[in-house]
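The values are calculated or read from the model by the stated rules, or taken from the named source; none is laboratory data. From a predicted model like this one, the values you see are computed outputs, not experimental measurements. Cβ sites come from the backbone with ideal geometry, for glycine too, and all protein chains shown count toward neighbours.
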Amino acid sequence: MQPLNPDERQALRREHPLAAPEDLDRYEQLLSMRFTQDPNRPQAGPEAHGLHRTIEQELQELHRRIFETPNDASAATE
Amino acid sequence: MADVILRQAGAAKSDTFTICLIANPALEAPWNSGAFIADPIIGNRAAFDSAVQYIEDCLFGRVAGMKELIIANPVIGPNVRVISIWDGAAGVSSASALVGQDGVSNLLIARRNQIKAFVAGYTAEGASFFVDVAYAISMSATHTRASAWYTSDIPGAAGIPFTLDGAAFTHCFYNDILGTIAIHSSVSDITPLHEFQHAISSYTNGGITDLYVDSPPAFNCKVGRPIPPNFCVYDRATYISDPSRDGLGYPSGWNSYHCGLIDARYPAVMDNYYTASSHNPLDCQNDTVTRAFVSDKILAKMAR
């Protein structure tokens, strides 16, 4: 997976100032981890199948938290 | 009418090691939705040709100033077959959607089963061809970030055996599913090489992972603290660890660590090459064991 350019990360932080840096780190980690699982062999074991489902669920939660929360800090205090 | 171009013939033998560059006819938007739209790349042949040229130049070390010349190695480079496919009549369907637009990021994601079936339908200069790694090139208006799936080997298939820390593996001659990459037509820097190294690696015989996040164990990544002096023993050769991750350092919460670099002044190709102190990703080279491993995998496939 193509790494995130530091300029892009800064822009992302500017656009979503309420996004926690640790959330962004975890989000990037999960996006990358997705490709370490063979998508054609989720039947490799219940553990692998469960891991795939967990990654996608957590990604959706993080995506909501980072990108769909109010991006204006003042809005959060209203 | 499809335009299949044999850009480089490679070694004169059967099943030459082959890289295929494809104009992506359709996008699944979003990925895994079952909804398909036309990919703008089909309306822009010049953008496709330009991307193909850049990817080829990057892989073969022809980009001015590029330091990692792994495929430019004279025993590898001239023996690689390169084929491009442009099919303006492929239409918009699940079968022609070789790339998906991720619903939770701006990643382009290769649809590997569709790519496998798609390339099997073409011939180059009258002959069918076996593909090892394919790039699906998109001009998505919204998604620009590249990604790759590793190769899926055939369990128990023939190849060149190797050992890693005493465990036995194989650089397989053939694949079940080729290594696949989804990449944007605006591609630059060393992204084509970074993604190629993921794609040529294997889910069961050594995966090459990203080093810019705290990754789980892989061929090029280990986990544990303190970082030991030696990273691994690959085919009886000992490789040292990188105690400091070049100048970037390992963040305090990380457990992963990497192999020693060829040039410790700059991040590894599989790390965040945008953070090179020179601000030039082209300065980045591999760590020592990744260089050896990727070279060996290509050479094994060339030996089939």
Considering (1) surrounded by 20 or more Cβ atoms within 10 Å (Cβ to Cβ); (2) closer than 23 Å to A:Asn5 by Cα; (3) of a type in the set (S, T, N, Q), say which one B:Ser186 fails and leave the rest.
-> (1)
Has region A:1-8 got any residue that is farther than 22 Å from B:Thr144 by Cβ, out of contact with any strand residue (DSSP E or B) (no Cβ under 8 Å at 6 or more places or on another chain) and modelled with pLDDT of 90 or more?
-> no
Complete set of residues in region B:257-278 that are farther than 20 Å from B:Ala237 by Cβ and facing chain A (nearest Cβ under 10 Å) = B:Pro267, B:Asp271, B:Asn272, B:Tyr273, B:Tyr274, B:Thr275
Does region B:172-190 include one or more residues that are away from every other protein chain (no Cβ under 12 Å), in a strand (DSSP E or B) and at pLDDT 95 or above?
-> yes
Test B:Lys301 against the criterion of being touching a strand residue (DSSP E or B) at 6+ places or on another chain (Cβ under 6 Å), away from chain A (no Cβ under 14 Å), charged (D, E, K, R) and in a helix (DSSP H, G or I), and give yes or no.
-> no
Any chance A:Ala48 is surrounded by fewer than 16 Cβ atoms within 10 Å (Cβ to Cβ) and either facing chain B (nearest Cβ under 10 Å) or modelled with pLDDT of 90 or more (or both) | no
Can you find even one residue in region B:236-248 that is assigned to a loop (DSSP other than H, G, I, E, B), within 12 Å of chain A (Cβ to nearest Cβ), in contact with a Ser or Thr (Cβ under 8 Å, 6 or more places away or on another chain) and charged (D, E, K, R)?
-> no
Screening B:Thr170, B:Thr163, B:Thr151 for residues that are among the hydroxyl-bearing types (Ser, Thr, Tyr) and either in contact with a Leu (Cβ under 7 Å, 6 or more places away or on another chain) or closer than 30 Å to A:Pro6 by Cβ (or both) leaves only B:Thr151
In region B:111-156, residue nearest to A:Ser32 (Cα to Cα) [restricted to those that are surrounded by fewer than 24 Cβ atoms within 10 Å (Cβ to Cβ), within 14 Å of another protein chain (Cβ to nearest Cβ) and of a type in the set (Val, Ile, Thr)] = B:Thr144
If you take the residues of region B:199-235 that are within 14 Å of the chain's Cα centre (by Cα) and in contact (Cβ under 8 Å) with a residue 60 or more places away in the chain, which of them is farthest from the other protein chains (Cβ to nearest Cβ)?
-> B:Ile200
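Which is in a strand (DSSP E or B), in contact with a Leu (Cβ under 7 Å, 6 or more places away or on another chain) and under 21 Å from B:Phe48 (Cβ atoms), of B:Ser140, B:Ser84?
B:Ser84
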